[in-house]
1. Mind checking which residues of region 450-478 are modelled with pLDDT under 95 and in a loop (DSSP other than H, G, I, E, B)?
2. I need a count of the residues in region 136-156 that are at pLDDT 85 or above, surrounded by fewer than 22 Cβ atoms within 10 Å (Cβ to Cβ) and either of a type in the set (Ser, Thr, Tyr) or assigned to a helix (DSSP H, G or I) (or both).
3. Within region 334-449, which helices (runs of 4 or more DSSP H) (wholly inside it) include 1 or more residues that are of a type outside the set (A, V, I, L, M), surrounded by 23 or more Cβ atoms within 10 Å (Cβ to Cβ) and modelled with pLDDT of 95 or more?
4. Would you confirm whether or not region 175-188 contains a residue that is within 18 Å of HIS27 (Cβ to Cβ) and in contact (Cβ under 8 Å) with a residue 40 or more places away in the chain?
5. I want to confirm something. Restricting to region 263-276 and keeping residues that are modelled with pLDDT under 95 and in a helix (DSSP H, G or I), which single residue is farthest from the chain's Cα centre (by Cα)?
6. Among residues belonging to region 226-254 that are assigned to a helix (DSSP H, G or I) and among the aliphatic types (A, V, I, L, M), point out the one that is modelled with the highest pLDDT.
7. Can you tell me how many residues in region 283-304 are surrounded by 14 or more Cβ atoms within 10 Å (Cβ to Cβ) and out of contact with any strand residue (DSSP E or B) (no Cβ under 9 Å at 6 or more places or on another chain)?
8. Using the structure shown, decide if ILE113 is more than 30 Å from THR184 (Cα to Cα) and in contact (Cβ under 8 Å) with a residue 60 or more places away in the chain.
Amino acid sequence: MSRPSYERLSFLDNSFLVMEGPSSPMHVAATATFETGSLRGAEDGLDIDRIRAYVSSRLHFIPRYRQRLAFVPLENHPVWVDDEHFNIHYHVRHAALPRPGDERQLKRLAARIMSQHLDRSKPLWEIWVVEGLEGGHRFALVSKIHHCMVDGLSSVDLLNVLLQPDPVEDFEPPAEWAPRPAPTALELFTDALGRWAAAPFAIGRNLRDLARQAGDPRSDLRARLRAARDLLASNLQRPSPTPLNRPIGPHRRFDWLALDLATVKQVKNRLGGTLNDVVLATVAGALRRFLARRRVPTDRLDFRVMAPVSVRGDEDRGQLGNRISAWMVPMPLAEPDPRRRLGIIRATTARLKETKQALGAEALTAVGEWTPSTLLSLGAQLATRRLPFNLVVTNVPGPQVPLYLLGARMLDTYGLVPLTDNLCLGVVLFSYAGRLCWGFTADWDLLPDLHDFVLDVDAAFAELAALDPVEAESERPRRAIPRSKRGLRVTAPAAKTRGATPSAR
């Protein structure tokens, strides 16, 4: 008889389960719209049975979608086991918008779906097929998957499994599901005892490897340790409190914005930096406008953005789970000039790359692999109440060719990010087929003016797009002149900007 099969969750994957609370479901989600195409069924409705059969036929590429959680006794650590009662009808759900079936109704529905927790006794994902958009000419997929299963970059791999670069009409019927036997509580506990007995030997091997890497000048261990030290030091001081950082409730708002990706790249090429620098500078400009309208002074505000950074290598492609770290990027909200805001952010991200802060965060995460779940639970709950950042902005590169669900072309896709205790706004960017799709998730009660912030983002990008190109030297942020040299240095006149407007509306 074959031994029951299971897989332990990593420390980082488990942390998303631990952080989940009554008002903080920890799943990521996306809302994508499609042309109805050949999926229009009888009486102009969607052929939902065909969609379910197609999704079932692709699940063998992503086995995690038919696995549920089990927990090791006493240790309380989660593991993945096959779900012997898997039912595709539970996970692929069918809904319809009332007339007129517009974007506003779809956003409200997506936000309500986002607010609902996933059932932990079943595989942690759902896809809602929503018809009735624009009078039936389009439909939407609202998908949600628990963050313990997937990070942003691996979710792109899943998208490529479910969607195809060309229209598909025929597919192989789904194979019959044959789950592997789940382990008993005794088997899980026995394995845990063996793992803890072997832990000292594993730690000893790790220490030898650590000493060997420390003596190897080609190793980046020293840089990782310095980055971890600097990250800890910078996060001991909390950022400034803002209206975006108050205890959240259980309800969500969702909004979106689409920008032309070629235009964003033109701004990047003309003004310098990376596409992500342009994104962060746009967010900084929008925050200035939004906070000024809320009458929050920004001249001395310590406002930080957490920007997830993938540490996923080529060998990790197609694998579920989380391989992410983070940058903590201070926002130059006191700077009124959009060109100089971009210059400051460029200098900041260049420094973060040089100091390998993301690798430092990854090193700190790896330390937690030996932390029991009971201690992890306490630490995570304390950590979420002392967040070292004010806002999450995550930028996920996506495919630049149109994708199809069978014969239906996907038009756009907007991400929803989970919120936690004092984080009432999150921003997800996803580039797809020439568009940069911005998704905004917010607390329902704390940000009734979410759409105003979306308009602020649009206006802040328009400020950057209106700037003339300048020489590389003049793009750099000005540095303070030492007192001993004042009067000995001639400062060139500031370059004129076109289209700059006061940042507060």
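1. ASP468, PRO469, VAL470, GLU471, ARG476, PRO477, ARG478
2. 1
3. Answer list for region 334-449: 338-355.
4. Checking region 175-188: not a single residue is within 18 Å of HIS27 (Cβ to Cβ) and in contact (Cβ under 8 Å) with a residue 40 or more places away in the chain.
5. Once the filter is applied, the top-ranked residue is LEU275.
6. Checked region 226-254; the qualifying residue modelled with the highest pLDDT is ALA233.
7. Total meeting the criteria: 11.
8. Judged against the criteria, ILE113 is a match.
The values are calculated or read from the model by the stated rules, or taken from the named source; none is laboratory data. Since this is a predicted model, take the numbers as computed values, not measurements. Ideal geometry is used to build each Cβ from the backbone, glycine not excepted, and the neighbour counts take in all protein chains shown.
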